[in-house]
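The values are calculated or read from the model by the stated rules, or taken from the named source; none is laboratory data. Predicted model, so just to flag it, every value in this text is computed and none were measured. Virtual Cβ from ideal backbone geometry, glycine too; neighbours counted across all protein chains shown. Surface accessibility is based on the protein's heavy atoms, side chains included, excluding ligands, DNA and RNA. Shrake-Rupley method; radii C 1.70, N 1.55, O 1.52, S 1.80 Å.
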Amino acid sequence: MIALTSPEQRLQTKPALFGLLNSVPHPTIVEMIATAGYDFVLLDLEHLPHNETLLSQCIQLAQQHHCAPLVRITVDDIPRAGRLLDMGAHGIVLSRAESAQQVAALRDAMFFPPAGTRGITGGSVTGFGTLPLAEYIRQANERLWLVPMIETPDGVAAIDSILRIPQVTLVMEGALDLAMSMQLGPQPTHPEVEAQLHLLASRCAAAGKRFCANPRTPEQRLRWREQGIDCWLCGEDRGFLFRTLQQRLHELSSS
């Protein structure tokens, strides 16, 4: 059993939070991410196959190294949210969130009454009974991460109503899918896309919610820092691994 910790609790001891998208679904990779010092890891059920035994191992390894395991799901998987949290996930990221109704449905699936409608169980999340159920319910309702990921114009348009849901922890951006849905092609740094990202960030700030930036250029990183962003998605492990493998091969083969 690992205690749930909200972003606010984590930020009491450090100036910013950093996370990574896990696109190579294997426990060893997740353990490496956590051991490297990332604050959270996104375990992806939107694009990747994941059996529940493998996913449970990834969640437990991240927890053991004090890295918050978040699971990214689609709207169709909202009914699975409670089971994912029962496995030990610290939160759920809803991909392509487009309405307050979708986010409210996720809230209901994640949180216990009176905040939601999630059913209760014991198991590892309560230390097999060593943590009283009432205390686990309190911690879950106060500390789970509910994270809408905005990736479409409809999601941008709905941001104010989404942010009015009290349990929303922070908002993530999906600039690549946003560019695609804006009919701009695979251009996540297109000026029109950047304008929408800054709109999202400003609406989050106005609502007192965190915006999690995913900078793709040094210029973007600098601009987000100047705006006081303290939550960062640092890319995905698959790209880092592939580029490092390529670079090492190039270094040795060209010498």
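Inside the range 73-95, can you point out the residues that are without any contact (Cβ under 8 Å) to a residue 40 or more places away in the chain and open to solvent by less than 50 Å² (accessible area, probe 1.4 Å)? Passing the criteria: Ile73, Thr74, Asp77, Ile78, Ala81, Gly82, Leu84, Asp86, Met87. Taking the listed residues Ala89, Ala3, Ala104, Ala36, the one that is under 22 Å from Val171 (Cα atoms), of a type in the set (A, V, I, L, M, F, W, C) and out of contact with any Leu (no Cβ under 8 Å at 6 or more places or on another chain) is Ala104, with no other qualifying.
Residue by residue, here is whether (1) of a type in the set (Asp, Glu); (2) buried (at least 18 other Cβ atoms within 10 Å of the Cβ); (3) closer than 18 Å to Trp232 by Cβ; (4) at pLDDT 95 or above holds:
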site	(1), (2), (3), (4)
Met1	no, no, no, no
Arg10	no, no, yes, no
Gly19	no, yes, yes, yes
Ile29	no, yes, no, yes
Ala36	no, no, yes, yes
Thr53	no, no, no, no
Val71	no, yes, no, yes
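Asp108 passes every criterion in (1) among the charged types (D, E, K, R); (2) open to solvent by 10 Å² or more (accessible area, probe 1.4 Å); (3) more than 19 Å from Pro166 (Cα to Cα) apart from (3). Considering every residue within the range 127-144, establish whether at least one is more than 22 Å from Trp224 (Cα to Cα), modelled with pLDDT of 95 or more and touching a strand residue (DSSP E or B) at 6+ places or on another chain (Cβ under 7 Å). Yes: one or more hits. Number of residues in the range 143-162 that are in a helix (DSSP H, G or I), under 17 Å from the mean Cα position of the chain (by Cα) and over 13 Å from Gln102 (Cα atoms) equals 1.
On the basis of being open to solvent by 40 Å² or more (accessible area, probe 1.4 Å) and under 17 Å from Val75 (Cα atoms), does Asp160 make the cut? Judged against the criteria, Asp160 is not a match. Set side by side, the residues Leu170, Leu199 differ, and just one is closer than 30 Å to Gly116 by Cβ and touching a strand residue (DSSP E or B) at 6+ places or on another chain (Cβ under 9 Å), which is Leu170.
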